[in-house]
Amino acid sequence: MDKSVITAIVAALALGGTVNACSAAMDAPAASGSGQAAMTAGSAPVAQAELRDKDGALKGRATARPMGDGVHVTGSLENVAPGTYAIHVHTTGMCTPPDFTSAGSHWNPEGKQHGKENPAGPHKGDLPNVTVGADGRATVSQHIMGVTMTGGDAALLDGDGAALVLHAGVDDYKTDPTGNAGGRMACGVFKAGL
Ligand SMILES: [Cu+2]
């Protein structure tokens with residue numbers, strides 16, 4: 001179990017009832033029933049992203065919702081070649097093919113370096129690598145502590161939004177600022193929903 005997971009669990013335990021809400025979200029990443037999470041964080045919006053590759057083909061969907069002390073990102077990938085890939089929240093909500101550099105760097109409201117294995121890291125947008133199986137699918141579930149959906153100094157849906165980016169390579173969890181994760185295979189803008 002890596003450190004980010006442990007800290008997320010400790011934080012969830014410290015917040016008591018949020019554990020159940022997290023479990024429900026992980027069991028049903030695409031469900032619209034976000035009532036439990038919404039209750040813990042007032043009327044802050046839920047945001048959804050559709051990841052598409054440079055040709056516009058759908059590669060996955062993700063949801064970011066307020067939960068406890070932060071934001072929980074869940075998602076599912078589909079129609080991706082088997083392998084292990086980096087996936088990050090990037091700082092700008094713009095996905096312009098073919099290279100998706102429009103999404104900017106990793107979401108990094110605290111001005112840290114990249115990677116959970118970097119002593120000066122990580123970025124808030126650093127997510128664990130995902131492993132896609134023979135069925136072309138994978139799931140994503142990560143709690144990001146100390147951030148908000150809207151408002152404050154670390155809001156996902158700030159003036160220029162945010163995007164979820166799937167890379168062509170593996171994140172080494174330490175090389176600043178990219179994790180040496182290669183090109184950008186697919187990108188999805190987080191759009192506020194109900
Ligand atoms: Cu990235």
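Lysines within cross-link reach of LYS59: Cα-Cα under 17 Å, excluding same-chain residues under 8 positions apart?
LYS191
Consider all pairwise Cα distances in the range 46-153 and report the whole-number % of them above 20 Å. Intermediate results must be reported in sequence, preceding the final value.
Details: 2434 of 5778 pairs.
Considering the range 46-153, 42 percent of its Cα-Cα pairs are separated by more than 20 Å.
Checking the cross-link filter: which lysines have an alpha carbon closer than 24 Å to that of LYS116, excluding same-chain neighbours under 8 positions apart?
Straight-distance partners of LYS116: LYS3, LYS124, LYS174.
Given 0.36 nm per residue, what is the gain on full extension from SER102 to THR175 after removing their alpha carbon distance, in nm? Kindly include the intermediate steps, with their values, before the conclusion.
Details: separation 73, 0.36 × 73 = 26.28 nm, distance 2.10 nm.
The SER102-THR175 span can extend by a further 24.2 nm.
The numbers here are math on the coordinates, done by the rules we state, and not lab data. Predicted model only: the values in this text are computed from it and were never measured.
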